[in-house]
Structure formats: structure tokens, C-alpha cells
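Visitor: Before I ask anything, let me first share the structure, which is written out below as C-alpha cells.
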Amino acid sequence: MMIELREAWYEAVHKRKSRRSFTSELTEKEVQQMQEFCSTVNSAAEGIRIVLVDNSDISVFTGALGPIGKIQGTRSFAAFIGNTDSAHMYEKAGYAGEAFILEAADAGIDTCWVAGLFSMEKVKDLVKLEQGEVICAVTPLGHAKASYGLGERLLCRMLGSRKRKDLESMCRGLSMERRPDWLQCSLEAARLAPSAMNRQPWMFHATDDAVMISVAGEGEIKHLEGKRLDCGIAMLHLELGARHKKAEGNWKFLELPEVAIFEKL
Ligand SMILES: Cc1cc2nc3c(=O)[nH]c(=O)nc-3n(C[C@H](O)[C@H](O)[C@H](O)COP(=O)(O)O)c2cc1C
């Protein structure tokens, strides 16, 4: 999807975790690296852009239950912005946003996708939106301690953040024994994708040379925009898994509740 994927992101898929309590800010070098990454994505991608706000005086994050879930300890964040004129904007924002998150993880920077617990008004003040643009999500950027504090631990337990659904319950089509390596690897990488509330709202359909992703979960229509963002994230993971096994391919967008199909070349 126009963004050049890096093998290091496949490794980052396995080590990334959402972090919400930060102990130090980005270094100048890290800000520069991530700014450069934003420029690369923004010139390659269509319908979305990423803006990094460094050292903001205004805190844009709000808490769910007081300190539980509140993002704290950093003043830097990135906003994932979509343009409503662009078809499949949410999927594109999920895909490009996750590229940013994995680039950060590879550089040793901690992040957390945040689609709910932030002040839209404050972010809008800091990020100048153009006509037709909306903020799909944001992420804090910084460094967290290796060990989790009480608030982070409680939230992760409430969300079941360490758990993922069983792959076979989310996959139709070719059974596990009949899947080629690239396909199995791509499905396993997609299974690790982060999603809002860890709801994992996707279903995969695997054939010999393609894998399709659809929106799934309780009342497909409910929270559809958010689920499409989640599916965009899983799309990047699917593609990284396929490429890790040297399978190149292309994405084709589909009509909802189907989202897109990755066709191996
Ligand atoms: C699109 C999206 C939106 C999210 N929104 C929030 C949020 O508003 N607040 C929050 O604390 N975590 C949020 N998360 C983080 C998820 O809770 C987290 O990814 C999930 O529990 C899995 O945990 P992990 O990222 O550590 O693997 C969001 C994640 C995604 C992908």
C-alpha cells in the first residue's frame, strides 16, 4: 500500500506492547528519526498523514478511571489523520499508523494506540487539520520502565491485553495442515495485532494464494469505523508475516463487511 515495509517491523510485531506510563521523553535523535519517518509515509501514502507533536505544553490524554488507563509521563505524541474524501481511510490509517508504531518499537520507543481517551479538541488545536481531515487516533511517544506500575498492570488485566483469540476460531478456508508457510506466518502475525479494547474484530479467509480479512464481532455495524482501523492494523501484520516468508503480494479493498484481500503474486 505504497509504504515500503521493513523486515525489522516483523520482529517488532513480537515485542511491541502498549505502554501508558512513561518515565522519559524522546531524545532529539529519536524525534528526528520519527519526524523523518512521518515525512516518508506522508509523501508515499494517499488519504492519510501522520503528525508528530514534540514536547507539547498541553496534555492531550484523559483518563478512564482516574489514574487507571491515563497516559502519563510524556509530552510527545503522534496523530494519525485521515481524509474523509479518501475511500478506505480508516483501514489506511490503521495500516500506516501501525507502521509508525512498529518503526518506533524497533527504535526502542514505547507507544500506545489511543482512539478513545484523548481530547479531540486539544489535538485539533495542536495539529492543523485541512478540509475533510479527521483524527483517527493518537499515540504517546516516550520510554517506559521495563516493569509495569500498578495502574498499567490493572488496565492490562482488565483488557486481557496479553491474550489473543485462538487463530482457528478466526480463520475460515484452508485448514492449518494445508496452509503454505507464508500463509500460516501471515495469520500468526495478524493474530498479534493490537486492537481497541483488545477486541480483535476480524475474521480471515485463507486460500492457496490469498487471504481475505473481514470485520467481525458483536453487531458488525457497531463501532464500525474503529473496527476498520483495527483491521488496517491487522492488514499490515498479515503482509509483514507473508513477506517474512518471501511472499510478495498486493492488497485489493473490498465492500464491507469484507475489508480487503491480499493476493500473492
Ligand atoms: C485502534 C486502537 C485504539 C486503542 N485505544 C485505546 C485507548 O483509547 N486507551 C488505551 O488505554 N488503550 C487503547 N488501545 C490499546 C489496546 O487496549 C491494546 O492494544 C490491547 O489491549 C492489546 O494490548 P497490547 O497493545 O499491549 O498488545 C487501543 C488500541 C488500538 C489498536
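Visitor: Put a dot 7 Å past each Cα toward the Cβ at S119 and K15; how far apart are the dots in nm?
Guide: Label at K15, label at S119, 3.5 nm between them.
Visitor: Further, regarding this structure: From the residues A44, L117, V31, which one has its Cα farthest along the dipole of segment 1-117 in the positive direction, the dipole being from +1 and -1 charges on Cβ of Lys/Arg and Asp/Glu about the Cα centre?
Guide: Ranked along the dipole, the leading option is L117.
Visitor: For segment 64-163, which trypsin sites (Lys or Arg not before Pro) pass both filters: DSSP loop (anything but H, G, I, E, B) and at most 15 other C-beta atoms within 10 Å?
Guide: Hits after loop and neighbour filter: K128, K145, R162, K163.
Visitor: Let me ask another. Does segment 112-188 come out rounded, prolate or oblate by the C-alpha gyration tensor, with a ≥ b ≥ c the root eigenvalues, rounded set by a/c under 1.5 and, if not, prolate when a/b is larger than b/c and oblate if not?
Guide: oblate
Visitor: Please state the charge dipole magnitude for segment 169-213, taken about the Cα centre, from unit charges on C-beta atoms (+1 on K and R, -1 on D and E), reported in debye and rounded to the nearest 20.
Guide: Its charge dipole is roughly 240 debye.
Visitor: Of the options A87, V134, L167, report the single residue whose Cα projects farthest towards the positive end of the charge dipole of the chain (beta-carbon charges: Lys, Arg +1; Asp, Glu -1).
Guide: Farthest along the dipole direction, towards plus: L167.
Visitor: Then there's this: Given the options A64, A190, A137, state which has the largest fluctuation in a GNM of the chain using a 10 Å cut-off (strictly under) for Cα springs.
Guide: Of A64, A190, A137, the Gaussian network model singles out A64 as fluctuating most.
Visitor: Another question, if that's okay. In segment 194-254, what trypsin sites (Lys or Arg not before Pro) fall in a loop by DSSP, with at most 10 other Cβ atoms inside 10 Å?
Guide: Filter output for segment 194-254: K222, K246.
Visitor: Follow-up. Would you list, by chain and number, the lysines whose Cα falls below 19 Å from the Cα of K70, excluding same-chain residues fewer than 8 positions away?
Guide: Answer for K70, where 19 Å is the Cα cut-off: K17, K122, K145, listed by chain and number.
Visitor: So which aspartates and glutamates can K163 reach, going by Cα to Cα under 15 Å and dropping same-chain residues fewer than 8 places off?
Guide: Those aspartates and glutamates meeting the cut-off are E188.
Every read-out reported here was derived from the displayed coordinates using simple, explicitly stated rules and does not represent laboratory data. Not measured: the values here are computed from a predicted model. Glycine also receives a Cβ, built like all others from the backbone with ideal geometry; neighbour counts cover every protein chain displayed.
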